[in-house]
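Q: Structure provided below as structure tokens; questions to follow.
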Amino acid sequence: MARQEIHLELVLGKRVYALNGRTVGRIEEARAEMQDGSAFVNEFLIGTYSFFERFSAWEIGRAILGVFGSSIKSGYRVRWDQIDFSNLQHPSLTCEVSDLSPLDMD
């Protein structure tokens with residue numbers, strides 16, 4: 001896959017869409033590793049759980065999510081190659097949601 005440079009501030013908070021057009025969640029965090037002095041994103045965290053992980057607020061998040069019910073308890077680890085950023089206003093998955101690694105707050 002070709003190298004692609006994207007300013008992270010342009011995609012943080014953007015909704016990510018599944019292949020069927022439904023929203024999977026918002027991009028809350030990017031995880032990167034350093035290689036030869038450059039940072040390369042290897043995964044994104046999307047969804048409700050990732051928001052709380054971003055702020056290291058698992059306990060608070062669990063309590064808040066408990067109030068709203070289990071329907072919003074979701075989040076995924078998404079490899080860099082599982083998101084198509086060709087349209088920065090409408091990032092979309094390149095795979096099925098079932099292929100994503102779920103986050104959980106246990």
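Q: Under a plain spin-label model, where a point goes 7 Å from the Cα along Cα-to-Cβ, how far apart in nm are residue 38 and residue 5?
A: The modelled label-to-label distance comes out at 0.8 nm.
Q: Calculate, for residue 99 and residue 31, the FRET efficiency according to 1/(1 + (r/R0)^6) with r their C-beta to C-beta distance and R0 30 Å; round to the nearest 0.05.
A: The computed FRET efficiency comes out at 0.95.
Q: For residue 84, enumerate residues with amide H under 5 Å from its amide H, sequence gap 5+ or separate chain, H modeled in the peptide plane.
A: So residue 84 has HN proximity to 92, 93, 94.
Q: Count charges around residue 89 for me, please; just the other residues with Cβ under 15 Å from its Cβ, Lys/Arg as +1, Asp/Glu as -1.
A: +1
Q: When Lys and Arg each count +1 and Asp and Glu each count -1, what net charge do the other residues less than 9 Å away from residue 42, Cβ to Cβ, add up to?
A: 0
Bear in mind that the values in this text are calculations on the coordinates, not laboratory data. Since the model is a prediction, treat every value here as computed from it, not as a measurement. Don't worry about glycine lacking a Cβ; one is built from the backbone with ideal geometry, like all the others, and counts go over all protein chains shown.
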